[in-house]
Every structure is written in structure tokens, then in C-alpha cells.
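What follows draws every value from the coordinates through simple rules; no lab data is involved. Keep in mind it's a predicted model, so treat the numbers as computed, not measured. Every residue, glycine as well, gets a Cβ built from its backbone with ideal geometry; the counts of neighbours run over all protein chains shown.
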Amino acid sequence: MNILDFEKGRAEEKCVDFKSNIIKTNLEDCYIIEENRFGDSRGYFTSITSKQLDALDFKKWSQKSESMSAKGTIRGLHFQKDPYCQAKVVSCTKGAVLDVVVDMRKDSPTYGEYTAIELTPENGRMLYVPRGYAHGFLALTDGATFNYMVDNEYAPRMEGGVLWNDPAINIPWDEIFEKYGIDEPLLSDKDRDRIPLSESEVNFLRRPKKYLVTGASGQLGYDIVNELKERGEYEILPLDSSLMNITDREQVMKIVKAYNPDVIFHCAAWTAVDKAEELVEDCTKVNVEGTKNLVDASIEVGAKIIYASTDYVFDGTKSIEELYTEEDKPNPKSVYGRTKFEGEEEVRRNPNHFITRISWVFGINGNNFVKTMLKLADKYEELKVVDDQIGSPTYTVDLAKLLVEMAETDKYGTYHVNNEGYCSWAEFAKYIMESNGKETVINPVTTEEYYQGKDMSKIAYRPRNSKLDKSKLEEAGFYRLPSWQDATDRFSKQLTRNYKWWLENLK
């Protein structure tokens, strides 16, 4: 496309049922929007609706931003990496800009090509920029005011860019500068040092990625599905045991091969740790054989697999001042811990795997320690809670966010993942009461005191030290989760807004 002859980019207009012209550009899925204006001598009125945005595959409204630039300023070419990739609807509300976008989707017929559209308040144009594009603009006037609507949250850690004058893209900047009377472009140091498109390791695709989630009705699976939707992903197959029995090998292979996912989040598990001591075969069937079936299916279709493991793979006998690293040798002392570790070994057969060891999990869609404490607080003035088991609570909303981000990388391996900080169960319980305005007194006791008089053959071994070292996360470029106190506060607010929780409490 000759960017000095913009009308050649109009091509044919899409027929739509709302009052705007949607005009194709030379790039796949990228459109000029020309809205009808309603005005008189006083001025004009125009708008864009969620229905219009949805028709263009704008996932959901997330943020509106505005920038002002001096003439000759080039901003770009920018993008955000998955899972924070953004579609944009952009416009100029003062002055003029030349908007420039590049298709970075490797399976697109227009991969590596660009288009450039002049946007001004007078021509009333907007440009729809799909996900998987690099975007930038040149300010053609002083005080050029540029507006963005985006469909995914701003994530500074996930920022990326392509060199503005990449010879392979071949944008004729010299001709542009001459046409608009620009002697020297103004760029940030960061934008001057961007890499060429050919060196980018980002793997944007036009085809939507497909995600399969086991244990989708459990705490973690539920929040992973929600997080994928929050990121604008809709090719999701959420499965619980009623839809796919992971111990049924034939059923697993049939479903996975038919759906052909890019990523499998394996959250289904036997988690009743005490019951596992009695029903060893049943626990093994779910946590080991079921995992083996999923791993075999993932290898068959070439899918990544993300597996939720546990702190119970360690015996917890390290000094309480020490942390367990991913390199420490597992030594599970319970049936649950052993079967989860054997599940880890199965997952490692798929080279494209993530194993995440988590602990003390709580989330909205299931039973957990926080909910139990709050229910007991309504019945008792005092509670005995164990004080010699130390670890980190894990909020599934925070965990899901990180796991979805992990799934978009190839930084495979085993990671320790839970909320920052350490506490005992008793300290956790005290904070739950404080966070929820409860006056119930928490009395710390030892594990032996808590289980006094009970048949210990039916009680699973609990690690005393479950303090996991999370430094490997940072080394791989991932972020640490917020503190467990912050997570508890946010979960408490989530509970107060959840009608299901209140109905459960009325029983």
C-alpha cells in the first residue's frame, strides 16, 4: 500500500447493522471506522458502542488512554505480550497523526506488512488494531492528541516493541517526513533501541489458542477459566469429573485429541489428604494414573501442560529458618504427597511442562481454611488452631493470573508458587478473624495437642516446615504473588460479594 495515497486503503466497505462504515485496509482484520456524525452550526456528536466493538472482535473494554505529542514525535512500534496482548481502537481528537501498524501474527497472510492511516478530528476516522499487531504513530502537528481504547489491562512487564524503521518492514519514512515537513523525528531512547521484527521471539497467532482445564469446578480450575476470560480468551474447554473422568484413559484420549488444545491446565486431583490414607488405591488412580493419561494425551497433540503440585512432596523436616528450593529432593510422608510427586514425574515426560508447587490454597469456588474459620467463628468464641506448621497461603485468583502468564512462555520447569510471606495456621486464622471483623479468639496449639485422642493412622502426615523458596520465579522473569495478608483481605471482600457463600452460611 502506498501510504501517500490513503484512499487506496479504503477497499470495500463491510455491510453492518449499525450506523458506521467499517472499511478494510490492506491488512487482515484491521479496519478503518468512519462514524456518522450528527451536527449543526454548534458542532457535532458521534459515538461508538460495545456492539460495534464486539463486531470487530474487540474482546472487552478495559481502558481508555490519551497522549499529547509535539510535531515529529514517533511513538512505537509497541505491543504487549500474551496474555496481555491488546486490541485497540485509536483516534486523533486534536491536530493530526499518521497511525502506523504492523501485522505480527505469524500465521496471518499479511504477516510483516504495514498500513498507515491519517487520523484527524476533521476526517473523523478511527482505526481498529487487532491483537497481535505492533502499533505506533507519527504526530503531524504540535499538540497532536491521541486517544486509545484497549481491550486488555496495561501490564508494564509485558511491554514489547519493534524497531520503528526496520528495513524489512520498509515504511518509507523519508517520504513521509518530506511530505509533512518533518526534519528530524523525536523518539524515546527505548523506541530507538527496539529490535527488528525478524529478531522478535513473540509468537502472536491469528488463530485463537485453545485451552483445556481439568478440575474446572474446583478452586484453582474455576479461577483459571475466569482469568482466561478476563484476558479475552474464549476458546476454553472447562471440564470437571462429570464431563471427563481423568482415570478413564480412552475417554481422556478421545476428548483431548478431538479438542486439540494448545495448553492443558491440569487442576483435577484427589485433595482429601486424610481420606487418602484409607483409600490409597483411589487416590493413586486419580493423582497418578489420571495424570499419566493427561500427559500421554498432551504429548499426542503437542500441547503444553501445567500441573498443580503441592508442598506435601517434602517431609518438612528442614530447620524452620530454611526454605525448600526446587532442587531439594522430595521425600513425601503421606499418600497424598507421594501420589502428587508421582504425578510430577509423569508430567516431566512432556518436555513442554510447568510444575507449580503450591500450598494452603483458598478460593471462592470450593471449601478451604478461610471459609472454615469464618463458619466456625459464627459458632464458637474460641478455637484451637495448630501453630507449629509453617507455610504460605495461596489465593487462587493470584495463582491463576500467574499460571496463565506462564502458559504463554517456554520457560518450562518446576516452580514454587504461593503468596509472599510465611505464617503458621494459627497466625493465618488470627488474621482471617481480623480481616473479617470477627472477635473469635484463636488459641495456638501443637500438632500433637490438636490431634490428641484421635486415631493417627487415619491422619495424614503434615509437613512442619512448608516454607518454599520462590526466587526461581524471579530468575525466570515471572513476578512474585502479593503478600498472603493482602490476598486474605481481597478474598474476604470477594466473599462478602458472593451470594453463593452467603447461601452456604445459611444452611
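Show me the trypsin sites (Lys or Arg not before Pro) within the range 365-415 that DSSP assigns to loop and that have at most 14 other Cβ atoms within 10 Å of their Cβ.
Filter output for the range 365-415: 379, 411.
Antiparallel as a % of all DSSP beta bridges within the range 211-506, to the nearest 5?
5 percent
PRE reach from residue 28 (point 7 Å along Cα→Cβ): which of the range 44-83 fall under 19 Å by backbone N?
56-59, 82
Please list, in order, the residues from the range 406-421 whose amide nitrogen is less than 19 Å from a point placed 7 Å along the Cα→Cβ vector of residue 299.
412-414
Sort out for me the Cα centre separation of the range 421-470 from the range 366-403, rounded to whole Å.
Using only Cα atoms to place each centre, the spacing works out to 9 Å.
Mind putting a number on the dipole of the chain about its Cα centre? Charges go on the C-beta only, +1 for Lys and Arg and -1 for Asp and Glu, and I need it in Debye to the nearest 20.
1100 debye
Below 8 Å between Cα atoms, with a sequence gap of 6+, how large is the relative contact order for the chain in percent?
12 percent
Treat each spin label as a single point 7 Å out from the Cα along the C-beta direction, and report the residue 54 to residue 195 distance in nm.
The modelled label-to-label distance comes out at 3.9 nm.
In terms of the Cα gyration tensor, with a ≥ b ≥ c the square roots of its eigenvalues, is the range 211-506 rounded because a/c is under 1.5, prolate because a/b exceeds b/c, or oblate?
prolate
Quick one: work out Rg over Rh on the C-alpha atoms of the chain, Rh as Kirkwood radius.
Over the Cα atoms of the chain, Rg/Rh equals 1.05.
Within 10 Å, at most 10 other Cβ atoms, and a DSSP state outside H, G, I, E, B define an exposed site. Report the longest part of the chain free of exposed GluC sites (Glu not before Pro).
No qualifying site falls inside 202-320, the longest such stretch.
Rounded to the nearest 0.05, what FRET efficiency is calculated for residue 447 and residue 154 with R0 set to 51 Å and r the Cβ-Cβ distance?
0.65
Need the full-extension length gain, residue 474 to residue 21, defined as separation in residues times 0.36 nm minus the C-alpha distance. One decimal, nm.
158.4 nm
For a quick check: sort 447, 247 by the number of other beta carbons within 10 angstrom, fewest at the front.
Lowest to highest Cβ neighbour count: 447, 247.
Filter the cross-link list 285/458; 190/472; 51/411; 401/467; 210/371; 60/438 down to pairs whose alpha-carbon distance in this structure exceeds 31 Å.
Violating the 31 Å limit, Cα to Cα: 51/411; 210/371; 60/438.
Say R0 is 25 Å: what FRET efficiency, to the nearest 0.05, do residue 382 and residue 496 get from their beta-carbon distance?
For R0 = 25 Å, the calculated efficiency reads 0.55.
State the answer as a single residue: which of 72, 55, 92 lies farthest towards the positive end of the charge dipole of the range 6-199, with beta carbon charges of +1 for Lys and Arg and -1 for Asp and Glu, about the Cα centre.
Working it through, the farthest residue towards the positive pole turns out to be 55.
Which links in 379/500; 254/275; 59/106 stretch past 22 Å when you go from one Cα to the other?
Flagged as over cut-off: 254/275.
Nearest 5 is fine: what % of DSSP beta bridges in the chain come out antiparallel, could you say?
Taking every DSSP beta bridge with both residues in the chain, the antiparallel ones total about 60 percent.
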